[in-house]
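Notes follow the structure.
The values are calculated or read from the model by the stated rules, or taken from the named source; none is laboratory data. Note that the structure is a prediction, hence the values are computed from the model and not measured. In this analysis, Cβ positions are derived from the backbone assuming ideal geometry, glycine residues included, and neighbour counts consider all displayed protein chains. For accessibility, only protein heavy atoms count, side chains too; no ligands or nucleic acids. Shrake-Rupley method; radii C 1.70, N 1.55, O 1.52, S 1.80 Å.
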Amino acid sequence: MIKKNLEFKKGNGTVKIVMNGFTSSQSARMADAVEKMTDCTVLSSRPGCVFVHLKKGTNIESFTESVVNSFESLR
């Protein structure tokens with residue numbers, strides 16, 4: 001359920017994680033989850049989205065799974 005509400009927009013060296021239909025507390029929890037991850041650096045976060053820079057060699061597909069797992073572990 002979480003994965004279908006997340007949209008990953010890959011840009012010029014960055015990824016924007018858009019959280020569709022998340023409450024403000026869920027959005028904050030997602031930002032916390034992403035900040036704890038080691039394969040990216042959080043550039044900024046706002047309610048509903050987080051901008052990150054992926055470390056070199058990070059696969060976007062495995063990153064999306066890691067984001068979902070990290071979020072679910074904070075529940």
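Averaged per residue, the chain has 60 square angstrom of accessible surface, using a 1.4 angstrom probe with ligands and nucleic acids left out. Estimated from helices alone, the mean residue ellipticity of the chain at 222 nm is -11000 deg cm²/dmol (sum of -39500 (n - 2.57) over DSSP H runs with n ≥ 4, per residue). Ligands, DNA and RNA excluded, the heavy atoms of Ser73 present near 90 Å² of accessible surface to a 1.4 Å solvent probe.
Taking a straight line from the alpha carbon of Lys56, these aspartates and glutamates sit under 20 Å away, with near neighbours fewer than eight places off in the same chain left out: Glu35, Asp39, Glu65.
Rounded to the nearest angstrom and ordered from largest down, what semi-axes does the equivalent ellipsoid of the stretch 6-74 get from its C-alpha gyration tensor (root of 5λ)?
Its equivalent ellipsoid spans semi-axes of 18, 13, 10 Å.
Restricting the calculation to Cα atoms, the stretch 1-40 shows an Rg/Rh of 0.97 when the hydrodynamic-style radius is the Kirkwood one. Each Lys and Arg adds +1 at its Cβ and each Asp and Glu adds -1 at its Cβ; summed about the Cα centre, the stretch 6-74 shows a dipole of about 260 debye. Put a dot 7 Å past the Cα of Glu72, heading toward its Cβ, do the same for Ala28, and the two dots end up 2.4 nm apart.
Carbon-plus-sulfur accessible fraction, the chain (probe radius 1.4 Å, protein heavy atoms only): 48%. As a length-normalised measure over Cα pairs under 8 Å and 6 or more apart, the relative contact order of the chain settles at 30 percent.
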